[in-house]
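S.K.: Before I ask anything, here is the structure I am working with.
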Amino acid sequence: MTTPTIELKPSSTPLSDAEREAILASPGFGRHFTDHMVTIKWTEGRGWHDAELVPYAPLSIDPANMTLHYAQTIFEGLKAYRQPDGTVATFRPEANAARFQASARRMAMPELPSELFIEACDALIKQDRAWVPDSGEASLYLRPFMFASEVGLGVRPANEFLFIVIASPAGAYFPGGVKPVSVWLSEDYVRAVKGGTGAAKTGGNYAASLVAQAQAASHGCDQVVWLDAVEHRWIEEMGGMNLYFVYGDRIVTPELTGSLLPGITRDSLLTIARDLGYTAEEGRITTEDWKRDNENGTLTEVFACGTAAVITPVGSVKSERANWTQGDGEPGQVTMRLRKALLELQTGHSADTHGWMHPL
Ligand code: PLP
Ligand code: COI
């Protein structure tokens, strides 16, 4: 099967420079979208076809569209950063392409070739290049996604899918900036079980998380920390971020058990931390370990990491039975050093020694 080339149908009504600049001055997260999108269709027997770069526009969806009923849908999140010389580069897009394929396999969906995933992102960024912010850690967030586009109510894998990439300028994910978040240890709800869809980036995982997120908010917390589904004590991850535990100069992240998302930021930090001279490991940590090691001072910092959230310190922890301040409640030194190193790499202010940046 041949890979389709992306046909360009540019918008005749892009936003004016002044309107775009006003948005870029304070983009928020996921609130504004660029002028174009890429769409590629997949049909059983025909494969990928009709790859187009078209004006960003609403879709017309049949009420019996299978995704609306059975949620056969996956997505990715990656960022494009303005480099010091004015060019633009994305961070590890091939890792997102590979995870998109892994999510597709789990959700009985067709796998988009990696080259086409990256070409689609590149085509959109090139067309909407003016939307890539050029200040500090702001970026253009790319949201590739795919969903069943077949119409019908039979429960089976669809035979038609639509892949789309949209882009949204992104400032800070947490509007307060680098401010430690408070977390709620969820005991009533679980995110994922062994054999389930936790390692896939599929919409249902996020839908299922919302009631727990609301519960966290009702207890005054910013985010949920998910525990394992069997013993309710092993730390897994957060709603849209992985976690790291800092023991002096050793950092530990929960190992990939199959029920948490293999984060690309998480993976990158294992390497970046080692480059900076820290010991970086995957391991298993319980809620009891967290509380005890915080009290005895061996657990010095905890932070969350992800594409949207970058690196965000955890400042306090709450559950039905306990409530503690993490360290002194302030962003820790290791957390902030890793955050700086990651952002310097992404924004082209340090050498790309691992070949992670994809220039356009
Ligand atoms: N965990 C979940 C549930 C997520 O949605 C995300 C965000 O993508 C992450 C972890 C972090 O993954 P990444 O670093 O690839 O963005
Ligand atoms: C990301 O970091 O890309 C995410 O997907 C997190 C969230 C916005 C769902």
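S.K.: Among the residues of region 239-258, which ones are away from ligand 2 (no atom under 14 Å from the Cβ), modelled with pLDDT of 95 or more and of a type in the set (S, T, N, Q)?
M.R.: Thr253
S.K.: Any residue in region 249-265 that is closer than 14 Å to Gly306 by Cα and assigned to a loop (DSSP other than H, G, I, E, B) sitting within a Cβ distance under 9 Å of a residue that is within 11 Å of ligand 1 (Cβ to nearest atom) and among the β-branched types (Val, Ile, Thr)? List the pairs, counting only those 6 or more apart or interchain.
M.R.: Every condition considered, the pairs that remain are Gly263/Thr253; Gly263/Thr307.
S.K.: Can you go through Ala273, Ala309 and tell me which one is of a type outside the set (D, E, K, R) and at pLDDT below 95?
M.R.: Every option except Ala309 fails the conditions.
S.K.: If you don't mind, there's one more thing I want to ask. Pull up region 125-164, narrow it to residues that are under 19 Å from Gly306 (Cα atoms) and charged (D, E, K, R), then point me to the one that is surrounded by the most Cβ atoms within 10 Å (Cβ to Cβ).
M.R.: Result: Glu137.
S.K.: Also, quick follow-up: I need the full set of residues from region 263-290 which are surrounded by 19 or more Cβ atoms within 10 Å (Cβ to Cβ) and either of a type in the set (Phe, Trp, Tyr) or more than 21 Å from Met336 (Cβ to Cβ) (or both), in order please.
M.R.: Of everything in region 263-290, those that are surrounded by 19 or more Cβ atoms within 10 Å (Cβ to Cβ) and either of a type in the set (Phe, Trp, Tyr) or more than 21 Å from Met336 (Cβ to Cβ) (or both) turn out to be Tyr278, Ile285, Thr287, Trp290.
Table: residues versus (1) assigned to a loop (DSSP other than H, G, I, E, B); (2) within 16 Å of ligand 2 (Cβ to nearest atom); (3) loosely packed, with under 15 Cβ neighbours inside 10 Å.
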position	(1), (2), (3)
Lys41	no, no, no
Asp62	yes, no, yes
Ile74	no, yes, no
Ser103	no, yes, no
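S.K.: Answer yes or no: is there a residue in region 194-206 that is within 16 Å of ligand 2 (Cβ to nearest atom) and modelled with pLDDT under 95.
M.R.: No: region 194-206 contains no residue that is within 16 Å of ligand 2 (Cβ to nearest atom) and modelled with pLDDT under 95.
S.K.: Okay, moving on. Considering only residues that are of a type outside the set (Lys, Arg), away from ligand 2 (no atom under 15 Å from the Cβ) and part of a loop (DSSP other than H, G, I, E, B), which ones fall in region 216-238?
M.R.: His219, Gly220, Cys221, Asp228, Ala229, Val230, Glu231, His232
S.K.: Name the single residue that is surrounded by the most Cβ atoms within 10 Å (Cβ to Cβ) among those in region 291-310 being among the aliphatic types (A, V, I, L, M) and touching a residue at least 60 places away in the same chain (Cβ under 8 Å).
M.R.: Here the residue is Ala304.
S.K.: Next question. How do the strands (runs of 3 or more DSSP E) wholly within region 275-360 filter down when requiring 1 or more residues that are under 25 Å from the mean Cα position of the chain (by Cα): which remain?
M.R.: 279-283, 301-306, 310-318, 357-359
Yes/no per residue for (1) under 14 Å from the mean Cα position of the chain (by Cα); (2) assigned to a loop (DSSP other than H, G, I, E, B):
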{"position": "Ala130", "(1), (2)": "no, no"}
{"position": "Gly154", "(1), (2)": "no, yes"}
{"position": "Ala172", "(1), (2)": "yes, yes"}
{"position": "Asp188", "(1), (2)": "no, yes"}
{"position": "Gly195", "(1), (2)": "no, yes"}
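The values are calculated or read from the model by the stated rules, or taken from the named source; none is laboratory data. In this text, all values refer to a predicted model and were calculated from it rather than measured experimentally. Cβ atoms come from the backbone with ideal geometry, glycine included; neighbour counts cover every protein chain shown.
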